Amino acid sequence: MNSIGRYISDFASLVFPKICHACGTSLAQSETHFCTTCIHQLPYTNFHLQPDNKLAKQFWGRVKVASAIAYLYFTKGGKVQNIMHQLKYNKQPQLGVALGKMYGEELKKNQLYQQAEAIIPVPLHPSKLKKRGYNQSETFANGLSEVLGIPVLSGILYRESQKDSQTMQSRSHRFDNMEKVFKANTQTIELNNVLLVDDTITTGATLEACIIALQDVGITQINIIGIAYTE
Ligand SMILES: [Zn+2]
């Protein structure tokens, strides 16, 4: 960097200091997205090392999945809540890419994830996509893709129609509606093994509806990957 470039960069960091997306402290020159302390202390699930983890068990008896994992534990008021807030509401798509690359580095050691043919993000509702400008699950998928070398196919899965506001309905009723919201289209490509990517996984109802839509078009091996998991 020339001296003028360095001057501008130093000036920018004075005016807009880079902060850790997890704890809010100022970052050192060598740090990006997260401080070193947070990198060491984030609540990693290590689900990718436990095939029968809590998230995978949540799908037992409901839908068949090849595997189900999430990178981090989400707790209210915790660091992961800060991260997800930055990613979803603070125009930080590059944060999703960074998280995808970090998790990808862990997952590339495992044959299970290397065998997938495509990465499919859970689609965001069009009105939210318009407001946010990007699908946070897709940014995470892009980061995974960079490291794993598996393409992101975001057009395969889509929302068919939006039902009435679902927030006031009971969980079971909500699921009945959601099942019909997602559709999949694989007319131009043959897929058997995919990574289905979501942001924060809670009840798994959205994912369950996506899984059914993907199974309807003949995809048999579905691996769930979330950024975060909350019990
Ligand atoms: Zn931090």
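List of remarks:
- Neighbour-count ranking [beta-carbon atoms within 10 angstrom, fewest first] of 146, 190: 190, 146
- Neighbourhood net charge (11 Å Cβ-Cβ; Lys/Arg +1, Asp/Glu -1) for residue 34: +1
- Over 30 Å (Cα to Cα) - which of 18/88; 108/131; 54/183; 108/128; 54/109; 101/130 fall in this group: 108/131; 108/128
- Contact order for region 43-229, expressed relative to its length and based on alpha carbon pairs under 8 Å spaced 6+ residues apart, stands at 28 percent.
- Charge context of residue 225, other residues only, Cβ under 12 angstrom, K/R +1, D/E -1: -3
- Label separation (residue 128 vs residue 29): 4.1 nm, computed from points 7 Å beyond Cα along the C-beta direction.
- Taking a ≥ b ≥ c as the square roots of the eigenvalues of the Cα gyration tensor, an a/c ratio of 1.5 or more together with a/b no larger than b/c marks region 72-136 as oblate.
- Treating each Cα of region 43-229 as an identical point scatterer and summing with the Debye formula, the log10 of I(q)/I(0) at q = 0.18 Å⁻¹ comes to -1.32.
- As a proxy for reagent exposure, ranking 23, 210 by other Cβ atoms within 10 Å from fewest up yields 23, 210.
- Annotation: the residues 181, 217, 197, sorted from fewest to most other C-beta atoms within 10 Å of their own C-beta, follow the order 217, 181, 197.
We did not get these values from a lab; they are worked out from the coordinates using the rules stated. Bear in mind the structure is a predicted one, so any value in this text is a computation, not a measurement. Every residue, glycine among them, receives a Cβ derived from its backbone with ideal geometry; neighbour counts consider all protein chains shown.
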